[in-house]
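This report concerns only the one structure given below.
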Amino acid sequence: MPLIQVKLIEDVFSPEQKGEIIERLTDAMVEIEGESMRSVTWVTIEEVSSGDWGIGGNALTTEDVKALQAGVA
């Protein structure tokens, strides 16, 4: 039974977007493993506090990710 774990920085994605993430990841896994596995394919989303996620030695904040989404370098 597959378990897909997703970590996101808090307050970046809306509940609707998180639902879409769950749906699409489940669909992708079912495409590989077969429809009979849909009911036992788990997807969890864990939100990490803004600033508690680091990349390249720097803390990443909610505002940083929103700027990336908006295409701001």
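Structure above, values below:
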item: Filtered residues of the range 17-73 (kept if closer than 17 Å to LYS7 by Cβ, aliphatic (A, V, I, L, M) and in contact with a helix residue (DSSP H, G or I) (Cβ under 7 Å, 6 or more places away or on another chain)); result: VAL43, ILE45
item: VAL72 touching a residue at least 24 places away in the same chain (Cβ under 8 Å), hydrophobic (A, V, I, L, M, F, W, C) and either at positive phi or open to solvent by less than 100 Å² (accessible area, probe 1.4 Å) (or both); result: no
item: When residues of the range 39-61 are limited to those that are part of a strand (DSSP E or B) and among the acidic types (Asp, Glu), the one most open to solvent (accessible area, probe 1.4 Å); result: GLU46
item: Hits in the range 1-19 - residues which are part of a helix (DSSP H, G or I) and more than 18 Å from LYS66 (Cα to Cα); result: GLY19
item: Filter result for VAL30 (closer than 14 Å to PHE13 by Cβ, surrounded by 14 or more Cβ atoms within 10 Å (Cβ to Cβ) and aliphatic (A, V, I, L, M)); result: no
item: Residues (within 12 Å of the chain's Cα centre (by Cα) and open to solvent by less than 100 Å² (accessible area, probe 1.4 Å)) located in the range 1-10; result: ILE4, VAL6, LEU8, ILE9, GLU10
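Yes/no matrix, rows are residues, columns are (1) modelled with pLDDT under 95; (2) of a type in the set (S, T, N, Q):
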residue: ILE9; (1), (2): no, no
residue: GLU20; (1), (2): no, no
residue: SER36; (1), (2): no, yes
residue: TRP42; (1), (2): no, no
residue: VAL48; (1), (2): no, no
residue: ILE55; (1), (2): yes, no
residue: ALA70; (1), (2): yes, no
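The values are calculated or read from the model by the stated rules, or taken from the named source; none is laboratory data. Because the structure is a prediction, the values reported are computed rather than measured. Here the Cβ is made from the backbone with ideal geometry for all residues, glycine too, and neighbour counts use every protein chain on show. The protein model used for the area step is the full one, side chains on, heavy atoms only, and it has no ligands, DNA or RNA in it. Shrake-Rupley method; radii C 1.70, N 1.55, O 1.52, S 1.80 Å.
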